[in-house]
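Following: one structure in structure tokens, then a few remarks.
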Amino acid sequence: MLGEGQDLVQVSEALRMERRLLARSKVSTTVYLSVPGGRLQRCRARNLSAMGVFLEIEALGLPAGTVVNLAFAVNLDGIVRLHRRKAVVAHISERGAGLMMQARSRARPGESSRRATR
């Protein structure tokens with residue numbers, strides 16, 4: 001039986017190993033993954049946070065650091081909407097791939113990304 005001090009050390013080590021900044025939610029959502037010039041791959045998101053996603057996918061064939069395009073198919077009351085995001089492959093495992101979402105651009109279509117200073 002472990003003492004109270006040993007339990008706290010184990011909890012502390014577990015928290016230190018967790019690198020995610022935001023809580024993950026378990027999901028089962030269809031995601032379409034593509035790379036520029038590559039084919040579209042259908043996969044399943046298994047957990048999701050505002051900054052990352054884990055996809056169940058076979059033979060991704062992309063190294064960590066590769067930028068990909070994601071399209072999340074979200075069904076709301078029978079209407080499927082696609083939510084698009086860019087992400088970077090963070091890690092690959094035999095079960096799938098962890099991806100880190102890239103920050104969205106604040107500029108609207110047709111707007112310049114540079115704003116005039118006054």
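Observations
- Amide H partners (placed H, <5 Å) of residue 27, local residues excluded: 47, 48
- Local net charge near residue 69, Cβ-Cβ under 9 Å (Lys/Arg +1, Asp/Glu -1): +3
- Counting charges near residue 31 (Lys, Arg +1; Asp, Glu -1) among other residues having Cβ under 11 Å from its Cβ returns a value of +4.
- Computed 3J(HN,Hα) for the stretch 53-59, one whole-Hz value per residue from the Karplus formula 6.51 cos²θ - 1.76 cosθ + 1.60 where θ = phi - 60°, is 8, 10, 10, 7, 7, 9, 6, glycine and proline marked x.
- Only Lys, Arg, Asp and Glu carry charge here, each on its Cβ (+1 for the first two, -1 for the last two); on that basis the stretch 21-101 has a dipole of about 140 debye about its Cα centre.
- Pairwise label distance in nanometres, residue 94 with residue 49, each label 7 Å out on the Cα-Cβ vector: 2.6
- Mean projection area, nm², convex hull over Cα of the stretch 21-101: 5.4
- Remark: 82, 55 ranked as 82, 55, counting other beta-carbon atoms within 10 Å and listing the fewest first.
Just so you know, all these numbers are worked out from the coordinates, no wet-lab data involved. Because the structure is a prediction, the values reported are computed rather than measured. Note that each Cβ is placed from the backbone with ideal geometry, even for glycine, and that neighbours are counted across all protein chains shown.
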